[in-house]
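One structure is given below, represented as structure tokens, and several questions about it will come after.
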Amino acid sequence: MTATDTWLARTAPRAVLSRALTVPLVIGLVAVLPGAVATAPGPGPHDTAYWLQLATCAYAGTRLAAMVLTARRRLIQSAFWLFVYIAMGVAPLAQTVLDATPTPVVGPRADTVLATALVLAGIVAFDVGALLARHRPPLRSRLHERHRTPATVHRPRLYVLVAVALVGSGLLVVQLGGPAVFFSNRQEISESVEGATAGAGAEAASEAGSAFLRGFGTVPALLALLFLTRWLVTSRAARRSPLVWLLWLAMFGLNAIVNNPVSNPRYWFLTVLFSLLFTAFPRSPVMYRASLALGVAIALVVFPFADKFRYEEGADRPEPSGSLLEPLTMKDYDQTGMLANTITFVGSGEGHSYGRQLTGTVGFFVPRSVWTGKPHDPGTRVGEWMGMPYPNLSSPLWAELWLDFGPLGMALGFAGVGYAASRVDRRYARRTEEEAPRDAAQDAGGSGGSGGLGGSEGPGSVLAVVVPLVAGYSFILLRGSLLQGMGRVGIAVVCVLLVTTFRGGRDAQPR
């Protein structure tokens with residue numbers, strides 16, 4: 001088979017699938033779903049906010065369809081557009097139509113109009129940043145990158161990570177009273193975590209201890225599973241090793257307990273699901289497109305009906321009214337309303353913080369006993385200012401950037417995020433393409449190597465696992481607040497650094 005035939009064999013099914021999906025997908029995302037929501041009966045006014053929200057739905061739907069149909073998988077950008085389409089597009093449009101919001105919007109209607117305009121401006125800025133990233137770097141930079149040793153997984157350290165995961169998850173299970181607690185409702189497991197970390201400490205210390213216990217018990221287990229999955233995907237020798245399969249089954253069972261969808265936040269479960277799918281099927285266009293379609297279905301169908309797993313029977317929770325759009329006005333989709341409340345909060349005399357909030361996010365690991373003036377997360381600050389009985393509210397990235405830097409800083413921030421997301425997606429696609437033939441070439445050549453587990457084939461590229469994890473976790477970071485999401489980020493960074501090596505040894509570097 002010639003090189004041309006090989007290229008046609010790889011691209012032809014993808015092209016046929018793209019042509020088959022293009023028309024119904026674009027029509028469905030851009031016109032049918034937003035149109036059905038916009039024309040639903042409801043008392044909401046058809047004012048400027050309504051039309052801006054429709055424009056956001058159309059724009060985000062078009063970009064999401066482009067992400068689904070693209071020949072190159074863009075994981076982080078796809079996760080961004082999936083979140084925007086659902087949480088900042090369709091859901092707030094339903095809230096506008098029904099004139100109902102999950103969290104009260106305390107300011108004038110003009111603040112809601114401004115919030116909707118800022119959402120649209122932010123996603124346009126994200127696109128501008130992604131467009132700028134398409135320009136190739138100077139020749140010297142490209143040559144330097146080509147000869148730079150990639151970050152790969154050090155095999156013995158991966159075993160250490162597996163041991164850390166077993167200890168961390170085991171400690172979490174023991175502290176909470178056994179595996180059965182993880183399959184009860186989320187309210188019960190939250191109370192168990194708080195009880196396990198409470199005692200002589202203050203409330204703030206208890207909250208920090210709860211976050212660390214949950215993070216240490218869930219993040220290493222997930223990362224160990226992802227690295228082992230990637231190893232099995234790219235290495236035939238690993239698939240022939242009973243020990244690798246034994247470790248993978250142990251990590252899979254551990255994640256089924258500590259990272260199951262019943263007792264964990266819904267956005268964290270999306271992180272687990274998306275990262276695992278994208279790691280297991282890094283080059284499959286069918287799985288890539290199915291994952292994005294699955295994300296839309298989960299957000300619109302599964303999430304709204306998952307509340308019965310979060311609370312005990314008889315607990316105080318909102319009852320649906322019977323409208324098909326009613327679930328989109330509850331719980332998880334308060335981002336646009338909280339952006340409007342943040343605008344009102346800033347305009348009430350609090351003013352912009354000019355980077356102080358971001359400083360608190362970067363220094364999340366500093367105890368408040370040491371940093372007495374450490375800022376609280378914006379959702380809590382705005383919630384307390386509103387007088388909410390449960391001030392632990394979301395704070396989308398739009399609100400965080402607006403609170404810190406105003407409209408210009410918000411636009412520049414999203415342009416930077418778009419630029420970084422595009423560059424990382426391109427590097428991820430190149431790295432997975434480079435690793436794809438590694439398995440067949442080495443097995444055909446019968447390379448002996450150093451012997452032992454996996455022969456000469458190491459677990460492969462760190463980037464091939466980190467990018468799917470970032471894509472999944474971006475749902476949490478975009479929803480906010482950043483400060484609350486930093487605990488798991490910090491633990492994940494430590495775990496990744498533990499297994500990373502830049503030495504091109506046989507146990508690590510793909511060839």
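So who's got an amide H within less than 5 Å of the one on ASN259, skipping anything under 5 residues away but keeping other chains? H placed 1.01 Å off N, in plane.
So ASN259 has HN proximity to no qualifying residue.
Taking the Cα-to-Cβ direction at MET287 and at VAL370 and moving 7 Å from each Cα, how far apart do the two end points lie in nm?
So the label points at MET287 and VAL370 sit 4.1 nm apart.
Which order, highest average first, do 335-345, 253-263 follow once you tally other Cβ atoms within 10 Å for each residue and take the mean per peptide? Intermediate values should be presented prior to the final figure.
Details: 335-345: 26.9, 253-263: 18.9.
Descending packing order for the listed peptides: 335-345, 253-263.
With a 1.4 Å probe and all protein chains kept in place, how much accessible area does LEU247 have, in Å² rounded to the nearest 10?
Near enough 30 Å² of accessible area.
Calculate the translational D of the stretch 345-435 in whole µm² s⁻¹ from Stokes-Einstein, where the hydrodynamic radius comes from the Kirkwood formula applied to all Cα pairs, the temperature is 37 °C and the viscosity 0.692 mPa s. Before the final figure, lay out each step's value.
On the way: Rh = 15.3 Å.
Approximately 215 µm²/s, per Stokes-Einstein.
Determine the order of VAL470, VAL23 by accessible area, beginning with the largest, at a probe radius of 1.4 Å. Walk me through the intermediate numbers first.
Details: VAL470 65, VAL23 90 Å².
Accessible-area ranking of VAL470, VAL23, largest first: VAL23, VAL470.
Top to bottom by accessible area (1.4 Å), largest first, where do TRP245, TRP371, TRP81, TRP51 land? Write out the running numbers ahead of the final one.
Working: TRP245 100, TRP371 70, TRP81 0, TRP51 150 Å².
Ranked list, largest accessible area first: TRP51, TRP245, TRP371, TRP81.
Still on this structure, I have one more. Can you tell me the order of 487-495, 82-90 when each peptide is scored by its average per-residue count of other Cβ atoms within 10 angstrom, highest first?
Numbers: 487-495: 18.2, 82-90: 27.3.
By packing density, highest mean first, the sequence is 82-90, 487-495.
Shifting gears a bit: Given a 1.4 Å probe and the protein chains all in place, what does the accessible area of PHE212 round to, in Å² to the nearest 10?
Here the residue's solvent-accessible area equals roughly 130 Å².
Keeping all protein chains in position, work out how much accessible area TYR390 exposes to a 1.4 Å probe, and write it in Å² to the nearest 10.
120 Å²
Just how far, in whole angstrom, is the stretch 364-429 from the stretch 24-49 if you go by their alpha carbon centroids?
Cα centroid to Cα centroid, the span is 29 Å.
For the stretch 329-416, which trypsin sites (Lys or Arg not before Pro) are both in a DSSP coil and crowded by at most 16 other Cβ atoms within 10 Å?
Working: sites: LYS331, ARG356, ARG368, ARG381; in loops: LYS331, ARG368.
Filter output for the stretch 329-416: ARG368.
The values are calculated or read from the model by the stated rules, or taken from the named source; none is laboratory data. Predicted model only: the values in this text are computed from it and were never measured. Note: ideal-geometry Cβ built from the backbone for every residue, glycine included; neighbour counts use all protein chains shown. Note: areas computed on protein heavy atoms with side chains; ligands, DNA, RNA excluded. Shrake-Rupley method; radii C 1.70, N 1.55, O 1.52, S 1.80 Å.
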